[in-house]
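First up is the structure itself, then whatever we jot down about it.
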Amino acid sequence: MAAQSATSAKDFFRPLAVGAPQPLREIPFRPSRAIHFFDPSNAKMAAKVPGMVGTVDVLLGNLEDAVKADNKEAAREGLVEIGRSTDFGPTQLWTRVNALDSPWVLDDLTRLVGEIGDKLDVVMVPKVQGAEDIHYVDRLLAQLEAKAGLDRPILVHAILETARGVANVEEICGASPRMQGLSLGPADLAADRRMKTTRVGGGHPGYLVREDPPSPTDPAAGVDARRATYQQDLWHYTIARMVDACAMHGIYPYYGPFGDIADVTACEDQFRNAFLLGCVGAWTLHPKQVDVARRVFSPSADDVAHARRVVAAMGDGTGAVMLDGKMEDDASLKQCLVMVELAEQLAAIDPELKAQYDAIGGTDD
Ligand SMILES: CCC(=O)SCCNC(=O)CCNC(=O)[C@H](O)C(C)(C)COP(=O)(O)OP(=O)(O)OC[C@H]1O[C@@H](n2cnc3c(N)ncnc32)[C@H](O)[C@@H]1OP(=O)(O)O
Ligand SMILES: O=CC(=O)O
Ligand SMILES: [Mg+2]
């Protein structure tokens, strides 16, 4: 049978190369609270990887930015070696390949799929501008999977880090059945937009709103120092767009890097904003950030307990009830089900969390 090019809606789920695995119809949810970055060309960091299996949901061998140009091949070969020799158990293995306009990406994909394609769950593609970038990777992966005899498709995750990528976010999410999710790339995005921040993610003290001036009859009138300011989130708009585009296409949104490694408190705040808006995880660049991501992207035991009470109180799921002085109905039940389902999915792979959730009412086995 000859492979056909995708020309109609029916063709969307056809393999793009003869012998390539059948594309997935739905992207299964797999916990990915911490996508932990490591540089496979850094011997010290690479040595830590086997010991991190089970402590993070995703181990990501990074080949792109933060890997020196002279080390690109060493990083690629280091990842092949780690992929071959490590039993990843429940932990997913992802890679971030070099950008599509770089001289390295073709070898990254060819070598990794050929050598460790059976272990690789997701390929993260940086600096994606539009659907055409995903189409290129989609076809190439199909050819390489067919050549390697793989029996399941490798999924694709795009980083949203150019102004054009943000403008095209919906078409990127829907460009291929391989699309697993999107991450915000605040550093490249800030540069591409010519934003005037030099921080890697997080807020900025200059991006604020200020309380109104006091009234002219107030003795403190004119004293600006008494007018409170509130720092705002530079990334709110982009994260919200990303969440909507992902939800619309049944794929998963992630916050990306938080560069101030020492400031775990502000990192937690940024991660939590993303979690509340709908993101399912974030990148961790240093071991210090792993606990933060695991904590933030797991609903608290109290929130889960409350959600379960609402589900129980709502019976068949229709109508309205009062609980603790608050109205609950069909819609708030759906909100609570999001929380309960996530808790169950996380408890299934995280015994510590399961114990916390069980202590306040039990998860279904
Ligand atoms: C901004 C746009 C982007 O693209 S962000 C994504 C790309 N950037 C990255 O992937 C950065 C990954 N992280 C790193 O390179 C390092 O963590 C950086 C930030 C350079 C700090 O390293 P370093 O100065 O060694 O930190 P440290 O002395 O506090 O390290 C303590 C021990 O932990 C290790 N470590 C460090 N980072 C990792 C990591 N990501 N995964 C695993 N292990 C890590 C260090 O090697 C060090 O080990 P040891 O205690 O000396 O044995
Ligand atoms: O790749 C990530 C970014 O922030 O840029
Ligand atoms: Mg980037």
Inset, instruction - Please give, to one decimal in nm, the separation of the simple spin-label points placed at residue 8 and residue 167, each 7 Å out from Cα toward the Cβ. - result: 3.3
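Tell me, what is the FRET efficiency for residue 237 and residue 87 to the nearest 0.05, using R0 = 41 angstrom and their Cβ-Cβ distance as r? It would help to have the intermediate numbers written out before the result.
Numbers: r = 42 Å, r/R0 = 1.02.
The pair residue 237/residue 87 has a calculated efficiency of 0.45.
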Legend entry - Given charges at beta-carbon only (K, R positive; D, E negative), |dipole| of region 1-142 in Debye: 300
Inset, instruction - Convert 25 °C to kelvin, take the viscosity as 0.890 mPa s, use the Kirkwood radius over C-alpha pairs of region 22-139 as Rh, and evaluate the Stokes-Einstein diffusion coefficient in µm²/s, rounded to a whole number. - result: 167
Inset, instruction - Note down the magnitude of the dipole of the chain about its Cα centre, charges +1 on Lys and Arg C-beta and -1 on Asp and Glu C-beta and zero elsewhere, to the nearest 20 debye. - result: 600
Legend entry - Exposure rule at most 16 other beta-carbon atoms within 10 Å, DSSP loop chymotrypsin sites (Phe, Trp or Tyr not before Pro): the chain longest free segment: 30-206
Inset, instruction - Note down the relative contact order for the chain as a percent, whole number, built from C-alpha pairs under 8 angstrom at least six residues apart. - result: 14
Inset, instruction - Provide the percentage of antiparallel DSSP beta bridges, counting only those with both residues in the chain; round to the nearest 5. - result: 20
Inset, instruction - For region 29-74 and region 267-300, compute the distance between their C-alpha centroids and round to whole Å. - result: 18
Inset, instruction - Which order do the peptides 314-321, 43-50 take when ranked by the mean count of other beta-carbon atoms within 10 Å per residue, highest first? - result: 43-50, 314-321
Inset, instruction - Give me the distance in nm between label points sitting 7 Å out from Cα along the Cα-to-Cβ direction at residue 199 and residue 326, one decimal. - result: 2.9
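Distance cut-off 20 Å, Cα to Cα: go down the list 48/354; 48/288; 68/147; 44/68; 72/147; 44/119 and report the pairs above it. Provide the component values of the computation, followed by the final result.
Details: 48/354 26 Å; 48/288 14 Å; 68/147 30 Å; 44/68 16 Å; 72/147 24 Å; 44/119 22 Å.
Distance filter (> 20 Å) returns 48/354; 68/147; 72/147; 44/119.
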Inset, instruction - Please state, to two decimals, what the Cα-based radius of gyration of the chain comes to when divided by 2.2 N^0.38 Å (N = residues). - result: 1.09
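None of the figures in this text is laboratory data; all of them are computed from the coordinates on show. No experiment lies behind these values; they were computed from the predicted model shown. Here Cβ is always computed from backbone atoms with ideal geometry, including for glycine, and neighbour counts include all displayed protein chains.
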